[in-house]
Every structure is written in C-alpha cells, then in structure tokens.
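Read the structure below first, then the notes.
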Amino acid sequence: DIVMTQTPLSSPVPLGQPASISCRSSQSLVYSGGNTYLSWLHQRPGQPPRLLIYKISNRFSGVPDRFSGSGAGTDFTLNISRVEAEDVGIYYCMQGTQFRTFGQGTKVEIK
Amino acid sequence: QITLKESGPTLVKPTQTLTLTCTFSGFSLSTPGVGVGWIRQPPGKALECLALIYWNDNKEYSPSLKSRLTITKDTSKNQVVLTMTNMDPVDTATYYCAHEARYQVGPFFDYWGQGTLVTVSS
C-alpha cells in the first residue's frame, strides 16, 4: 500500500487568511505515462467528501480559484488563498496511482 | 447529472454478511474508463477504499480486506453490489459509493453518494 501522511492534522485559521496543508506519499505517485495521480477532497461535517483538486493541480468543476494544488513525486501541497467560513471541515489527500489510499485528514477550523 | 445512492441494512450482527447496493444515474458502467468504488469511514476516522469495479468488469480490492469482499455490477440495473463477510464491530462505519472516470478526470472519485451508516452489534 502507498501510505499518505498529512500535516498538520489541525489548522485553526482566521477568516480571510491563507491555509496550507501538506501531503507526503510513501513512494512516488508518478504513473507510467508521466501523470501523477494525487487528489484533494473536502468533507464538511455530516456530508460526503467532494473532489477539489485532481492530478496535483487541476480544480474540479465548480471549485473556487482560491484553492490551488502543487507538488511533485512524493510531496504535495493544498493552498487556500483566503479562508472562508464554508471552507471549514476535513481535507484529505488521496492517491490513484495504485489502489486508492487516503491521508488521515487535516481539520481546518476558523480561529 | 451524476448521482449515486447507497442502500442496505443499518444494523448487522457480528459474523453476518453485509450486502450493500449502490444505485446510480447519469452515467453507464459500460462506458470505457468508468468505474464505481466503495469507500468507508468509521465514526470520527479517515476514509478507506474497499473495492472498485470497472466498465470491463476488472475489479480491485483492498489488500487487507480482499478475502472478505466481493464487488459485482449489474449494468442493466445501474447497480453495483458490495458484499463483506464475517462482519465485526470494527466494521461499523459510513459506507459510500463513488464514481470514477479514468479517461476524463483520472483515477479519482469525482461524485459520491450520501453514504449509509452500518452498525455492527449483537
């Protein structure tokens, strides 16, 4: 299994301020053909997760541009440029290069 | 639009077999690249992928749970069924099904059902 490790596990952020979450994989996520299959999901309390970012940096349909992803190989980052109230919840990274595995989650709350 | 909905028992006894059905609309599981996965989330814990089935009937299973899982599809009914044998209280979780479009977005879950909570208790 590819193990996904997120830091921090909790992130209190003032409204309007940036937030950053890191995700590290236990092995490279580069697939044959050159694609890197890393995604980010957001889960609000009592809701299913929703896809935010796929293939490191592509925003899924309807995702605001304050969300951005970056990274390569085994190290990846999700950035929120200005946190809004609706952004609270838990963020997960997930790899699709092998059988899908998720990070342990990062809780974002308003400070 | 794509929708998925999970159904099945809310309570099962230890050692019993769990059968969950995912009924979907807005896509076909005979379209190349399309898959449906099952993911679970114990209360207050992280997500865990259990199994995936693809348009060509290829299947993938969690290595740690493979011996207990079976995933099948009924393309004509737009349904995917997951069975998990020998249920234990640690299997108490919300079970989600989700859509994957490997040739468009990639091997990622882009649409999710609302989930169904399954409690394992005697």
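The values are calculated or read from the model by the stated rules, or taken from the named source; none is laboratory data. Note that the coordinates shown come from a computational prediction; the quantities given were computed from them, not determined experimentally. Note: ideal-geometry Cβ built from the backbone for every residue, glycine included; neighbour counts use all protein chains shown. Protein only, heavy atoms only, side chains kept; ligands, DNA and RNA dropped before computing areas. Shrake-Rupley method; radii C 1.70, N 1.55, O 1.52, S 1.80 Å.
With the checklist (1) in contact with a strand residue (DSSP E or B) (Cβ under 6 Å, 6 or more places away or on another chain); (2) open to solvent by 30 Å² or more (accessible area, probe 1.4 Å); (3) more than 12 Å from chain B (Cβ to nearest Cβ) in hand, flag the one item residue A:84 doesn't pass.
Residue A:84 satisfies every listed condition except (1).
If residue B:35 passes every condition in (1) touching a residue at least 60 places away in the same chain (Cβ under 8 Å); (2) open to solvent by 30 Å² or more (accessible area, probe 1.4 Å) but one, which one does it miss?
(2)
What do you reckon, is residue A:36 touching a residue at least 24 places away in the same chain (Cβ under 8 Å), under 30 Å from residue B:64 (Cβ atoms) and either of a type in the set (A, V, I, L, M, F, W, C) or open to solvent by less than 60 Å² (accessible area, probe 1.4 Å) (or both)? It would help to see each step written out before you state the result.
Working: touching a residue at least 24 places away in the same chain (Cβ under 8 Å): yes; under 30 Å from residue B:64 (Cβ atoms): yes; either of a type in the set (A, V, I, L, M, F, W, C) or open to solvent by less than 60 Å² (accessible area, probe 1.4 Å) (or both): yes.
Taking the combined requirement at face value, the residue satisfies it.
In the range B:71-101, how many are without any contact (Cβ under 8 Å) to a residue 40 or more places away in the chain and either acidic (Asp, Glu) or in contact with a Ser or Thr (Cβ under 7 Å, 6 or more places away or on another chain) (or both)?
Let us first name the residues in the range B:71-101 that are without any contact (Cβ under 8 Å) to a residue 40 or more places away in the chain, namely B:71-72, B:74, B:76.
After this cut, where a residue has to be either acidic (Asp, Glu) or in contact with a Ser or Thr (Cβ under 7 Å, 6 or more places away or on another chain) (or both) as well, the list is B:74.
So the count comes out to 1.
Looking at the range B:40-68 only, could you name the residues that are of a type in the set (A, V, I, L, M), open to solvent by less than 20 Å² (accessible area, probe 1.4 Å), at the interface with another protein chain (Cβ under 8 Å from one of its Cβ atoms) and within 23 Å of residue A:90 (Cα to Cα)? Spell out the reasoning first.
Within the range B:40-68, the subset of a type in the set (A, V, I, L, M) is B:46-47, B:50-53, B:65.
Applying the additional criterion that residues be open to solvent by less than 20 Å² (accessible area, probe 1.4 Å) yields B:47, B:50-53, B:65.
The next check asks that each one be at the interface with another protein chain (Cβ under 8 Å from one of its Cβ atoms); those that pass are B:47, B:52.
Residue satisfying the conditions is B:47 alone.
Are there strands (runs of 3 or more DSSP E) fully within the range A:1-102 with at least 1 residues that are of a type in the set (Asp, Glu)? List them.
Numbers: elements: A:4-7, A:10-13, A:19-25, A:38-43, A:50-54, A:67-72, A:75-80, A:89-95.
Answer list for the range A:1-102: A:75-80.
Which one of A:45, A:49 is under 20 Å from residue B:43 (Cα atoms) and facing chain B (nearest Cβ under 10 Å)?
Working: A:45 fails: facing chain B (nearest Cβ under 10 Å).
So the residue among A:45, A:49 that is under 20 Å from residue B:43 (Cα atoms) and facing chain B (nearest Cβ under 10 Å) is A:49.
So which residues in the range B:69-122 are on the phi > 0 side of the Ramachandran plot and either open to solvent by 10 Å² or more (accessible area, probe 1.4 Å) or away from chain A (no Cβ under 14 Å) (or both), if there are any at all?
The answer is B:78, B:86, B:115.
Please enumerate the residues belonging to the range A:59-81 that are within 14 Å of chain B (Cβ to nearest Cβ), open to solvent by 50 Å² or more (accessible area, probe 1.4 Å) and not small (Gly, Ala, Ser).
Passing the criteria: only A:59.
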